[in-house]
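Asker: Could you have a look at this structure, given as structure tokens, before my questions?
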Amino acid sequence: MHTLSNEQFDQLAQELDEVKGRVLQRVGQQDADYIRRMIRIQRFSEIFGRISLVLGFLHWSFWIVGVGLLALAKILDNMEIGHNVLHGQYDWMNDPYINSNTFEWDNVCDSQSWKRTHNFEHHTYTNILGKDRDFGYGIFRLTNEYRWKPKNIWQFFSYMTLSILFEWGVAFHELAGRRVFFGKKKEGEKHFVSDQELKSAFYRKSSRQVFKDYIFFPLISGPMFIPVLLGNLTANLIRNLWTSTIIFCGHFTEGVHVFKEEDCANESRGQWYYRQMLGSSNLQGPKWFHILTGHLSCQIEHHLFPDIPAPRYIEVAPDVQRIAAKYGIEYNTGSFWKQYGTVLKRIIRHSFPDRGQPAMAS
Amino acid sequence: MSLSLRKTTEWMSFALCNHKQVGAFFEPLIQSYLPGWTVNGFRAQIKDIGRESGSVVSLTLRPDQSWQGFQAGQYINLTVEINGAKLTRCFSISSSPETYRMTGTVRLTIREQDQGVVTPWLATGLKKGGYVSLSAACGEFVVQRNGVPKVFIAAGVGITPILSMLSDLVDQGESKPVKLLYYGSDHLFRSELSALESAKSNFSFDFLNTRESGYFDRETVQRLLEQYAPEQFEKPDYYICGPGEMITSVEQILKDSGVSPERIHFEFFGVPRALDVQVSESGQASRAVAFSQTQAEVSVEPGDRRTLLEIAEGAGLNPVHGCRAGVCHQCSCRKLGGRVQNILTGQVSDGGAELVQLCISQPVDDVELAL
């Protein structure tokens, strides 16, 4: 993987550190006001979305608006607010709620379990095969480096199923469900949290979410029980499809690189930065689009600087792109449809065994 | 019964809005219309901002109606938002409980610290009519109503809680002798103190200029104390407030003169430690890192460059952590006090409570962590 000299890697690290330093100096009131505004919009959407769903008995269009507002609330809560707060991007605010240690989101995945796995495993070992379980989620074969198995034939359908049930998939994946529920353990693994704690966090959080969306709010809506239940289901579905799609566009587009464990042993900070840039891909779009993706549209910048407030990624992107060009590092970006097209292509292409490829990856 | 009810409410609230209190979910919306509203703690409106001397400011606040009031001598935790960050510091109340009953306001008197983040900001950063957050009144440094004479010894801005106590004693019609020994280079609240002195014949105050009489010189203090508590009086209670070294020294002098320890009440005031350690000096002095939950303490020798995470691990603790590089925030931990340096940015925090990332923080001076 090392196409640059060690000196160049050090220079790369220095330049990117400078970019980060400059933006951190500007972080302050503006960022605090921004995240609070997002939280107000989220609250407003959720409250009026739930009211509007019940008003569906007046006219069906209320139901449609209700679903839309509730889906918007859930997307903002998970992406622009939850994901970024849980990364510690706003911990400096010292706010009791806008804090990576206390934040809980509107998602069946327990936020602290997610934070533990995602921030550490995925962000430290990004796209290292065998270390970053997020690469293919243990379900998909997205690179020739993995041996083809017959189950890969229907991985496009597995993908669609995962997208529909995305929050459940994430909840299962982030608590390392295979290990916790089915006892598939690797030797020499060390865990801070016991399997039992992980399981109870999973049951606790998911039962609360089910209670809210499929029991409590439908029940208090009385005769509107079924429409409200369906409305909540639809809003969750929209959120699932959206988050799944955006997240797949961040790491599984055509040009995204993968890495071998042995190549990343003892890597320098510059090499880590380098891997983050090659392991991620960006999406272009208008401002509202960036907000709805939680600024994961700037996945490259997010992976370089996971803990600066997300709206700042837009600001640093030109610098990052310039530095990438200077060192001849690919900067993978494109429109949503173009990038998403290559994701689908990647999933389908690797459904089939590679021509002339030995059964075992080298 | 009430416990299970509370648990059920909490479960319901958490299930419905991911907050332990439903109000916390609505707070961001409500506060944009009613900035004085809050779910936890209390809010207070700023009624006045004034200057007592070159570097001492007074804030007059009107806490919301749910605030429970205070006893003379107590302090509050004041939380202000500076450039987006909520910062909390303790400040003593200098006004009397009677004033609070009459006007609903309390006054905090604050010395601006040279290298502080919060105190120098207050006078310019806060606006009349704006809001701050505050805690209930706390602190054990309150006047004992036991009918014995009282001697107060204050230094500098340490007069703050004592002024409140003296005003309260006047309001309560205290009949026993009350003396004040006030050290300082500039004396705050001169006119208020004189008014109190002339209001009651059993009150007498001495202003000692530290430039003339020296700084807690043993002989001067002893002579004054003898003059203040002559043999014919009942044995008085002593209340001391000022910098740490002054309290330690006066306490020793009192003990040496045969005052029993239960008669001595004191409160450390201001920043307990000098703030003049330069960034480059970090690591040149011996520092103590204390872990409040495990009751462990580690001494970090000069030149030791370990991070707080490594220090904790060296002490046999196993804090949750991840990347060890400042990326994942899994090791974020509440620092209760002391300054730390971020090894990535070189930035040195101030001494207040806040979250720090253990894996990229080194202690600059004595640090206490909630671990």
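The values are calculated or read from the model by the stated rules, or taken from the named source; none is laboratory data. Remember, predicted model here, so these are calculated numbers, not experimental data. Here the Cβ positions follow ideal geometry from the backbone for every residue, glycine too, while neighbour counts run over all protein chains shown. With ligands, DNA and RNA removed, areas are computed over all heavy atoms of the protein, side chains included. Shrake-Rupley method; radii C 1.70, N 1.55, O 1.52, S 1.80 Å.
Asker: Return the total of residues in region B:1-32 being open to solvent by 70 Å² or more (accessible area, probe 1.4 Å), within 11 Å of chain A (Cβ to nearest Cβ) and farther than 23 Å from A:ILE220 by Cβ.
Answerer: 0
Asker: Can you go through A:SER221, A:SER244, A:SER207 and tell me which one is open to solvent by 50 Å² or more (accessible area, probe 1.4 Å) and among the polar types (S, T, N, Q)?
Answerer: A:SER207
Asker: Follow-up question, since we're still on this one. Looking only at residues in region B:33-52 that are among the aromatic types (Phe, Trp, Tyr) and open to solvent by 80 Å² or more (accessible area, probe 1.4 Å), which one is farthest from the chain's Cα centre (by Cα)?
Answerer: B:TYR33
Asker: Every residue in region B:136-178 that is modelled with pLDDT under 90 and among the basic types (Lys, Arg), please.
Answerer: B:ARG145, B:LYS176
Asker: Return the residues of region B:56-78 that are open to solvent by 30 Å² or more (accessible area, probe 1.4 Å) and either at pLDDT below 90 or among the aromatic types (Phe, Trp, Tyr) (or both); say none if nothing qualifies.
Answerer: B:TYR75, B:ASN77, listed by residue number.
Asker: Would you be able to tell me the number of residues in region B:81-96 that are within 16 Å of A:ILE98 (Cα to Cα), modelled with pLDDT of 90 or more and touching a strand residue (DSSP E or B) at 6+ places or on another chain (Cβ under 8 Å)?
Answerer: Here the count works out to 1.
Asker: All but one of (1) away from every other protein chain (no Cβ under 12 Å); (2) at pLDDT below 90 hold for B:ASP366; which doesn't?
Answerer: Condition not satisfied by B:ASP366: (2).
Asker: Give me the pairs, please: first residue somewhere in region A:63-89 and within 23 Å of A:ASP307 (Cα to Cα), second residue anywhere and at pLDDT below 95 and in a helix (DSSP H, G or I), beta-carbon distance under 6 Å, and either six or more positions apart or on two chains.
Answerer: The qualifying pairs are A:LEU86/A:SER111; A:LEU86/A:LYS115.
Asker: Here is a follow-up. Restricting the first residue to region A:30-52 and requiring it to be at the interface with chain B (Cβ under 10 Å from one of its Cβ atoms), which pairs with a second residue that is among the aromatic types (Phe, Trp, Tyr) and outside any helix (DSSP H, G or I) meet a Cβ separation below 9 Å and a spacing of at least six or different chains?
Answerer: Listed by first residue and then by second, the contacts come to A:ASP31/A:TYR90; A:ALA32/A:TYR90; A:ILE35/A:TYR90; A:ILE39/A:TYR97.
Asker: When you look at B:SER332, is it touching a Leu at 6+ places or on another chain (Cβ under 6 Å), at the interface with chain A (Cβ under 10 Å from one of its Cβ atoms), hydroxyl-bearing (Ser, Thr, Tyr) and within 26 Å of A:THR117 (Cβ to Cβ), yes or no?
Answerer: In short, yes.
Asker: Now, a different point. I want to confirm something. Restricting to region B:113-161 and keeping residues that are charged (D, E, K, R) and over 27 Å from B:ILE82 (Cβ atoms), which single residue is surrounded by the most Cβ atoms within 10 Å (Cβ to Cβ)?
Answerer: B:LYS150
Asker: Can you give me the number of residues within region B:348-359 that are modelled with pLDDT under 90 and in contact with a strand residue (DSSP E or B) (Cβ under 7 Å, 6 or more places away or on another chain)?
Answerer: 7
Asker: Looking only at residues that are more than 8 Å from chain A (Cβ to nearest Cβ) and out of contact with any helix residue (DSSP H, G or I) (no Cβ under 8 Å at 6 or more places or on another chain) in region B:79-90, which one is surrounded by the most Cβ atoms within 10 Å (Cβ to Cβ)?
Answerer: Here the residue is B:THR79.
Asker: Being among the hydroxyl-bearing types (Ser, Thr, Tyr) and open to solvent by less than 90 Å² (accessible area, probe 1.4 Å) is the filter; apply it to region A:163-204 and report the residue that is modelled with the lowest pLDDT.
Answerer: A:SER194
Asker: State yes or no: is B:GLY322 touching a Lys or Arg at 6+ places or on another chain (Cβ under 9 Å), at pLDDT below 90 and within 11 Å of chain A (Cβ to nearest Cβ)?
Answerer: Yes; evaluated as a whole, the condition is true for this residue.
Asker: Sticking with this structure for a sec: Of the conditions (1) polar (S, T, N, Q); (2) at pLDDT 95 or above; (3) more than 20 Å from A:THR342 (Cα to Cα), A:ASN266 satisfies every one except a single condition; which number is it?
Answerer: Result: A:ASN266 passes all but (2).
Asker: In region A:12-26, what residues are open to solvent by 20 Å² or more (accessible area, probe 1.4 Å) and touching a Phe, Trp or Tyr at 6+ places or on another chain (Cβ under 8 Å)?
Answerer: A:LYS20
Asker: If you scan region A:78-135, which residues turn out to be buried (at least 23 other Cβ atoms within 10 Å of the Cβ), within 8 Å of chain B (Cβ to nearest Cβ) and touching an Asp or Glu at 6+ places or on another chain (Cβ under 7 Å)?
Answerer: Once the filter is applied, which keeps residues that are buried (at least 23 other Cβ atoms within 10 Å of the Cβ), within 8 Å of chain B (Cβ to nearest Cβ) and touching an Asp or Glu at 6+ places or on another chain (Cβ under 7 Å), region A:78-135 yields A:HIS87, A:GLY88, A:SER100, A:ASP106.
Asker: Let me ask you something else. Among the residues of region A:29-45, what is the count of those that are open to solvent by less than 50 Å² (accessible area, probe 1.4 Å) and over 16 Å from A:ASN84 (Cβ atoms)?
Answerer: 2
Asker: Could you check, for region A:3-14, whether at least one of its residues is of a type in the set (Val, Ile, Thr) and assigned to a helix (DSSP H, G or I)?
Answerer: Scanning region A:3-14, I find no residue that is of a type in the set (Val, Ile, Thr) and assigned to a helix (DSSP H, G or I), so the answer is no.
Asker: Check off (1) modelled with pLDDT of 90 or more; (2) under 21 Å from B:ASN77 (Cβ atoms) for B:GLY41 and give me the number that stays unchecked.
Answerer: With (1) modelled with pLDDT of 90 or more; (2) under 21 Å from B:ASN77 (Cβ atoms) applied to B:GLY41, the lone miss is (1).
Asker: While we're looking at this one, here's another question. Identify, from the list A:ILE291, A:ILE329, A:ILE314, A:ILE300, the residue that is open to solvent by 70 Å² or more (accessible area, probe 1.4 Å), at negative phi and of a type in the set (Val, Ile, Thr).
Answerer: A:ILE314
Asker: Hey, does region A:248-270 have a residue that's open to solvent by 60 Å² or more (accessible area, probe 1.4 Å), away from every other protein chain (no Cβ under 13 Å) and within 23 Å of A:ALA171 (Cα to Cα)?
Answerer: Checked region A:248-270: no residue is open to solvent by 60 Å² or more (accessible area, probe 1.4 Å), away from every other protein chain (no Cβ under 13 Å) and within 23 Å of A:ALA171 (Cα to Cα).
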